[in-house]
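S.K.: Take a look at the following structure, please.
Readers should treat all values here as calculations from the given coordinates under stated rules, not as data from a laboratory. Note that this is a predicted model, so its numbers are computed, not measured. Because the Cβ atoms are built from the backbone with ideal geometry, glycine has one as well, and the counts that use them run over all protein chains shown.
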Amino acid sequence: MAVGGCFCGKVRIKYNGQPLASGLCHCLDCRKLTGALYTYNYVVRSAELDISGSLKEVAKTSDSGNNIRNFFCPDCGTPLFGQKIKSDRDFNEITILRAGIFDDIQILNDRKPEAEIYTDR
Ligand SMILES: [Zn+2]
Ligand SMILES: [Zn+2]
């Protein structure tokens, strides 16, 4: 299990699985939502996340035309994870988790980036 959380510590996240994928994303949305030039993300099963603390949700149509929502700490603004909004129901079983939120660097050592997308910008 890996633990992590936001900058101010009010949101804590425990992750109990192995990422389905890992990758760097250079898309405009990722740049804007983090303020960094790219994001490093784990694609995880939502059911394997245990989140404590309240979240701020921001929904948007993404660069690539999908309806997405991103979740932030409402106090310090740390971007924590995102999901594609499904038309049929509210819950999405897949979550894009920001890899930088982990306190445990072991998970980062165990799981290196496997892909890099939107690099031609
Ligand atoms: Zn915070
Ligand atoms: Zn992106």
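S.K.: Test of understanding: ordering Thr95, Thr61 by Cβ neighbours within 10 Å, fewest first, what list do you get?
M.R.: Going from least to most buried by this count: Thr61, Thr95.
S.K.: Roughly how many whole Å is it from the C-alpha centroid of the range 1-35 to that of the range 67-121?
M.R.: For the range 1-35 versus the range 67-121, the Cα centre distance is 5 Å.
S.K.: Hey, what number do you get for the chain at 222 nm if only DSSP H runs of n ≥ 4 count, each worth -39500 (n - 2.57), divided across all residues, to the nearest 500?
M.R.: Values: 2 runs with 12 residues, N = 121.
Dividing the helical sum by the residues of the chain leaves -2000 deg cm²/dmol.
S.K.: Something else now. Quick check: from the Cα gyration tensor, does the range 1-81 come out rounded (a/c under 1.5), prolate or oblate? Don't jump to the answer; show the numbers that get you there.
M.R.: Working: a/c = 1.66, a/b = 1.23, b/c = 1.35.
Note, shape of the range 1-81 comes out oblate.
S.K.: For a protection proxy built on the mean count of beta-carbon atoms within 10 angstrom, sort 9-17, 49-57 highest first, please.
M.R.: Details: 9-17: 16.7, 49-57: 13.3.
Packing proxy ranking, top to bottom: 9-17, 49-57.
S.K.: Could you give each residue of the range 91-101 its phi-based ³J(HN,Hα) in whole Hz, using Karplus coefficients 6.51, -1.76, 1.60 with θ = phi - 60°, and x for Gly or Pro?
M.R.: 7, 10, 6, 10, 10, 9, 9, 6, 5, x, 7
S.K.: Return the percentage of antiparallel bridges among DSSP beta bridges fully within the chain, rounded to the nearest 5 %.
M.R.: On the way: 32 of 35 bridges.
Taking every DSSP beta bridge with both residues in the chain, the antiparallel ones total about 90 percent.
S.K.: So, one more: How much net charge surrounds Phe81 when only other residues with a Cβ under 14 Å from its Cβ are counted (Lys, Arg +1; Asp, Glu -1)? Walk me through the intermediate numbers first.
M.R.: Working: positive: Arg12, Lys14, Arg45, Lys56, Arg69, Lys84, Arg98; negative: Asp29, Glu48, Asp50, Glu57, Glu93.
Cβ neighbours under 14 Å give a net charge of +2.
S.K.: May I pose another question? Along the charge dipole of the chain, pointing to its positive end and built from +1/-1 on Cβ of Lys, Arg, Asp and Glu, which listed residue (Thr61, Gly5, Ile105) has its Cα farthest out?
M.R.: Positive-end residue among those listed: Thr61.
S.K.: HN-Hα J couplings of the range 7-19 from phi, Karplus 6.51/-1.76/1.60, θ = phi - 60°, integer Hz, Gly and Pro as x?
M.R.: 4, 8, x, 6, 9, 10, 10, 10, 10, 10, x, 10, x
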